[in-house]
Structures are given as C-alpha cells and as structure tokens.
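Here the structure comes first, spelled out in structure tokens, and everything after it is commentary.
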Amino acid sequence: MTNITCQPAGDTAIRVTFHEKVSPELNRNIKSFCKKLKEQAVKGVIEWVPAYHSVIVYYHPYHISYENLRDILLNLANKDLQLDEESSTLVKIPVLYGGKIGPDIVQVAENSGLSEQNVIEKHSSVDYLIYMIGFLPGFPYLGGLPETLATPRLNNPRSHVPEGSIGIAGNQTGIYPLASPGGWNLIGKTPVQLFNPDREEPFLYRAGDRIRFVPISKRDYDKIKKQVVHNTFQIEKEVIG
C-alpha cells in the first residue's frame, strides 16, 4: 500500500493512517494490518484500536522507542495486506421503529421524500458493515446506509438519548448502547442490551461484523424486553463468509 503515515498520539501511542477513501476494502486492509500486528507480537506494544482509516497503537516507551515502533508499523502497513478468507458474524437486531421511541423518523421521511413505512423498509433492507466501535462502549459505526435515507444531524442535540436508540446522522446509522447526549435522528429502538460488562462477551459484535435490523411490533418489543430482564433472550447470529 502507499500513502501511509505514522504520527505520535501522545507520548505512548502512534497513529497509523491509511490515506484512502473509507470503503469495505480499506476496512479489510485495516483488519489485515491488525492481524499481522498481533502475529508479530512486538515487545512493548500494549494494544491497538482500529478506526475508519487509521489504527492507534499503544506501547510502553520503556520497552520500545517511538522510532523503532514507527519503522515496524510502516513496514507492516506497506506489506501485502490481503486478508485471508475468514468468517464474520451477521447479528440480527430487533427494532421497533417510529412512534415516541423513534420520533425523528418523520424528519427522515420528509427529508428523503419517502413514507415512514418506506424508511423502515429501506433501513432494514441492508446488512451494515461495522467499520469501528467507539464514542460509547459498543456504539457501532455502520456503513451501507441507503443514500436516500441520509439526513443531517439535529441542529439542537438532545441532552438524553435512551439506551438502544437507533439513529441516523449524515450518511451513517448507528445504535446507542447506553443512554447519553446525542444529535442523531432517532428512528427506532431495540430492546436488546448491546453492552453488558458482566457478560462473558460484553459486546454482541465486533468491528468487521455486520448488523441487520429486523422490524418488530410493540408486542414483540415488550416480550423481548422482559426476556432481556430475565436473561433468557438469545440474540440471533449467523456466521457468514
């Protein structure tokens, strides 16, 4: 690959930036880079965090210098980053769209020139690629939103967005795993608990997986919510190539 740079990110981290347009191919290259970094087992490297077009690598400066690690990372990044065929997971997230829990679906419909039902159908017709997880624990930044659904952020962000809310901002869609402030257009809500630090696997998905939104009724929403409370709900997942 070409046009890759390394820069300090504080005194214990390096940002490796891949200067390319965000795309599924770039995402695969970043996954491949992270895999090779893991295989290299560089002494002093603590962890790394992938993003849309960069990876931040945290290290212990007493074990390896910035210059040495920078050279290792550039060498890895400029190798053939073709990712071996590996499976990922399709996670099916049940969603109750519209109404009081998805109040901005009206705005999305008006902006796109579609009916609310058409918005639901289009939003749930895509298997979204999880490019990265950030902002909140388990917040997935998803690629693949149909262009017609792209809607600007709210002019006045909310001080409180409920846990499980599904939102659209620009050409992105995502899920709030925890309650927080936010400026995304809320179009629905999932009763599923996306992040639970007490679970063996705190997150239901990882970067590189895909998410499919499955429309449900209010009755099903309430049923799943009770199952979640009693820890009897099983999220539907499917291994894909």
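Output the residue which, of all residues in segment 158-174 that are modelled with pLDDT of 95 or more and not in a strand (DSSP E or B), is farthest from Thr190 (Cα to Cα).
Pro162
Name the pairs whose Cβ atoms lie under 8 Å apart, with the first residue in segment 137-162 and free of Cβ contacts under 8 Å to residues at least 24 places away in the same chain, the second buried (at least 16 other Cβ atoms within 10 Å of the Cβ) and part of a loop (DSSP other than H, G, I, E, B), and 6 or more positions between them or separate chains?
Listed by first residue and then by second, the contacts come to Gly144/Val126.
Please enumerate the residues belonging to segment 170-216 that are crowded, with 21+ Cβ neighbours inside 10 Å, among the polar types (S, T, N, Q) and either within 16 Å of the chain's Cα centre (by Cα) or not assigned by TED's automatic domain parsing to the domain that holds Ser159 (or both).
Answer for segment 170-216, where residues must be crowded, with 21+ Cβ neighbours inside 10 Å, among the polar types (S, T, N, Q) and either within 16 Å of the chain's Cα centre (by Cα) or not assigned by TED's automatic domain parsing to the domain that holds Ser159 (or both): Thr173, Thr190.
Val239 passes all but one of (1) modelled with pLDDT under 90; (2) in a loop (DSSP other than H, G, I, E, B); which number fails?
Answer for Val239: the failing condition is (2).
In this structure, is Val229 of a type in the set (A, V, I, L, M) and surrounded by fewer than 16 Cβ atoms within 10 Å (Cβ to Cβ)?
When the stated conditions are applied, Val229 passes them.
The values are calculated or read from the model by the stated rules, or taken from the named source; none is laboratory data. Please read these numbers as outputs of a predicted model, since none were measured by experiment. Please note: Cβ atoms are built from the backbone with ideal geometry, for glycine as well, and neighbour counts cover all protein chains shown.
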